[in-house]
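Some notes on the structure that comes next.
The values are calculated or read from the model by the stated rules, or taken from the named source; none is laboratory data. Computed from a prediction, not measured in an experiment: that's the story for all the values here. Every residue, glycine among them, receives a Cβ derived from its backbone with ideal geometry; neighbour counts consider all protein chains shown.
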Amino acid sequence: MAEAVIQADKLPIKCPICLDTYTQPRTLPCLHTFCTTCLQAHISNVHLMSHYSLSFPCPVCRNETRPPMSFRREETFAELFPMNHLVVSLIDDAVMKNLDDVTFCTQHPDCRVSMFCRDHKEVCCPTCVAKAHRKCDDVTEIESILEEFDLDKEQESIIQHISDLENLATDHEAKCAITASKLEMEIDKVKRKLQNEKEKLLDHIEDLEEKACADVDEKSKSLKETIAREKEFAMKGKETCSSALLDVKERTNNGNKLRTFIQIQQTKKTIESHFIQQPRPELSDEITFKINFNKKLSDLNNLDSFASIRLETSKDDKCVNTKADYCSNHFANVSPNFETRSKSHGVTYRSQTVRLSTTFGSTIHLQFVSSLDEADPRRQWVSGVTFIDHRMLIMCNQTKASLCLIRESRLVHEDTRPTAPWDVTYVQDARIAVTYPQERLIRIFDIHCSHTFMKIFGKPSLSNKPIELRRTIVTEGACYGIATVRNNFIVACEDRLMVFNHTGNCLKTIKDNNGCGTKFKRLVGIAVDNFRHTVYVTDEASNCVYFFEFCKTNVSELPTSVYTHENLKCPQGIAINSSGQIFVCAFVSKNIHLITPSGETIRIIPTLQRPYGISIESKHSFLILTFYPESDLDNNAPVLHLYKLAH
C-alpha cells in the first residue's frame with residue numbers, strides 16, 4: 001500500500017515568530033505555540049519597552065499572558081509554559097524524513113522543483129517551464145547541473161554575500177537611529193523658536209495695547225478734569241442751598257421782621273456768590289471715541305501661516321552603497337569570551353588580554369575585568385560614563401533617561417529626569433557636570449559621600465541621597481560632550497565649542513573656525529589632556545577628531561591638527577590615558593582607534609558591538625567601555641565592559 005506523502009508546509013510545525021521548524025515548542029494559555037527561545041526573546045523585548053511588567057501579550061492574538069510562577073527570574077519565563085508534545089511528535093514523524101529531498105514549487109504546490117532556467121537564474125517546476133519559460137534558451141534539469149556545480153564554494157559565496165548585506169543593513173539601521181535622534185532634537189529646537197517668536201509677538205501686542213490705552217487716558221484727561229470740577233461745584237452748591245434754606249426758615253419763625261429781612265438779604269448774597277459766576281461749561285452725555293486701527297494690524301488678521309519652515313539635510317550625505325564589498329572594512333570580533341555561572345547576580349567572564357603595539361616600543365595590555373552587574377544590562381544604551389574613583393563611576397543611561405551611580409559593578413542609585421543625560425565629567429570634590437541636549441542644559445550635581453571614610457578605607461560611603469542637584473547652566477544649542485579645565489567646562493554643542501566658567505557665564509564660543517575652511521558639523525565627544533594643554537573633539541558627521549590647544553581657559557580658534565582615517569566612521573566617545581594616548585570609539589565602523597598625541601594611528605581595535613562611550617581612570621589604570629545594544633547579538637552580551645590597562 002502506497003504511503004501518502006504530506007508536504008512539510010501543510011503541517012503546523014512552523015514557529016510564527018522565526019518561521020522555522022519549532023525547537024522546544026511551548027504553548028501559551030491562548031493555545032498559540034512558539035519556540036522557547038523565540039518566546040523568551042519576545043518576553044524580554046516587551047519587558048524592556050514597558051520597563052518590566054509581569055504580563056506580556058501573545059505575539060499572535062495579543063492576549064495578555066502571565067507566567068504560571070511569576071516569582072521566577074524573567075530569563076526563565078518561557079520555560080514555565082508547557083511543552084506541546086503533539087507538535088514534537090509531528091516533527092519526529094517518520095513521514096517528514098521522506099520530505100528532506102523534496103521541494104515543491106511555490107507557484108504550483110503540487111509539482112516538485114526539478115528544473116533550472118539559466119536565462120532567468122531561477123529554479124522551477126515542469127509547469128513553470130511550460131507556462132513561463134517556453135521561450136528560454138537554456139532550461140536544464142537540476143540533477144545534471146549538480147555534477148558540475150561546486151556547491152560548497154557557492155554556499156560559502158552566498159553566505160559571505162548575505163553577511164555583507166546584513167552588515168550594511170546594520171550600519172544603515174545605526175545611521176537611522178542617529179538621524180532619528182537628531183531629527184527629534186531639531187523638531188524640539190524649531191518648536192522652541194516658534195514658541196519664543198509667539199511670546200515676543202504677544203509681548204509686543206501687549207505693549208501696543210498699553211500704549212493705546214495710555215493715549216486714550218491722555219485724550220480724556222481734560223474732560224475728566226472738567227467733569228470733576230463741575231461735580232465739585234454742584235456738590236458745594238447743593239450744600240449751600242441746604243444751609244441757606246434752613247437759616248431762612250428759622251428766622252421766619254422768630255417773628256422778627258427786621259432780622260428776617262436781613263437774613264433773607266444775606267442768603268441771597270451767599271447764593272448769588274456761588275451760582276452767579278462765569279458761564280459754566282455745557283456737559284453732554286454723547287461722548288464717542290473714534291478709533292482708526294493700524295492697517296498693519298488688519299494685515300496680521302489675514303496671515304495664513306506663522307512662519308515658513310523648510311527641512312534641510314547635509315549636502316555631504318551620500319546614498320547607501322548596496323555593494324557587497326561595502327563591508328570589507330569591518331573587522332573580526334575581539335571582545336572577551338564569556339561563560340555563564342550560577343550566581344545570584346550578573347555574568348562572570350573569563351579574562352582575556354588584548355595586546356596593542358605602540359610607537360614607543362612598549363605594549364599596552366587591555367585585560368578584561370568585569371561587566372555591569374545589573375538585573376538586565378544587555379539592553380541598556382549608555383552614552384557617557386566617567387570615574388569618580390576606581391570603585392565608583394557615573395553613567396548616562398539613554399534607555400531609562402537616568403543618571404546611574406555604579407559602585408563595584410553594581411547599580412546603587414538612579415537620578416531620573418524628563419530627558420536623558422548624554423555625557424558626564426568629574427569636576428572635583430565629588431562634584432559632576434552632566435549635559436542634557438534636549439533641554440540645552442548642563443546640570444551640576446554633588447555626590448554626597450564621606451571623604452574621611454574614603455581616605456581611610458579607600459571606599460566611598462554613600463548617604464541616603466547620593467546625587468543632589470546644585471545648579472544649572474543654559475547653553476545656546478544642544479550640548480553633548482563635556483570636559484573640565486581648571487573648574488571651567490568645555491562643551492561640544494554640534495556646530496560649536498563653548499567654554500563656561502563655574503558660575504555658568506560663557507567665556508568663549510568657537511564656531512566654523514571663523515570661515516577658515518574647516519567647518520564643524522556635529523561635535524559630540526570631547527576630552528582634555530591637561531599635561532599637554534590639548535583639547536580633543538570628535539565630529540561624528542565629518543568622521544574626524546579635532547586637536548585644539550588651550551592656555552588656562554583660552555582655547556585656540558583653529559585646530560592644530562585633524563585626525564582622519566578610512567576606518568573611522570561616526571566617532572563618538574573619546575578618552576586619554578596617563579601616557580597621553582587617545583582612545584576614540586568609532587560607532588559605525590565598530591572599532592576603537594588608539595592615537596598618539598601627535599595624531600598618528602597606533603592600532604585599530606575591532607569590536608563585535610558598536611562602541612559608544614569611554615572613560616579612563618588613570619590612578620589605577622582602569623578603562624570602561626559602553627556599547628550600543630543590538631538585538632541581533634547574543635543576549636548574554638552586556639553593553640558595559642571594565643578593562644585593566646597595563647604596559
Which condition number does LEU48 fail, the rest of (1) surrounded by 13 or more Cβ atoms within 10 Å (Cβ to Cβ); (2) assigned to a helix (DSSP H, G or I); (3) hydrophobic (A, V, I, L, M, F, W, C); (4) modelled with pLDDT of 85 or more being met?
(4)
If I ask for residues that are at pLDDT below 85 and over 21 Å from ILE526 (Cα atoms), which ones from the range 407-431 would you list?
ARG407, GLU408, SER409, ARG410, LEU411, VAL412, HIS413, ASP429
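With the requirement that a residue be small (Gly, Ala, Ser) and either touching a helix residue (DSSP H, G or I) at 6+ places or on another chain (Cβ under 6 Å) or part of a loop (DSSP other than H, G, I, E, B) (or both), what does the range 551-562 give you?
SER556, the sole residue that qualifies.
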Among strands (runs of 3 or more DSSP E) entirely inside the range 563-627, those with 3 or more residues being of a type in the set (A, V, I, L, M) are 571-576, 582-586, 591-595, 601-606
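How many residues does the range 399-444 hold that are among the acidic types (Asp, Glu) and outside any strand (DSSP E or B)?
So the count comes out to 4.
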Residue in the range 157-173 that is farther than 30 Å from PRO629 by Cβ, free of Cβ contacts under 8 Å to residues at least 24 places away in the same chain and not β-branched (Val, Ile, Thr) present
yes
Of the residues in the range 89-137, those that are among the aliphatic types (A, V, I, L, M), touching a Phe, Trp or Tyr at 6+ places or on another chain (Cβ under 8 Å) and at pLDDT 80 or above come to VAL113, VAL123
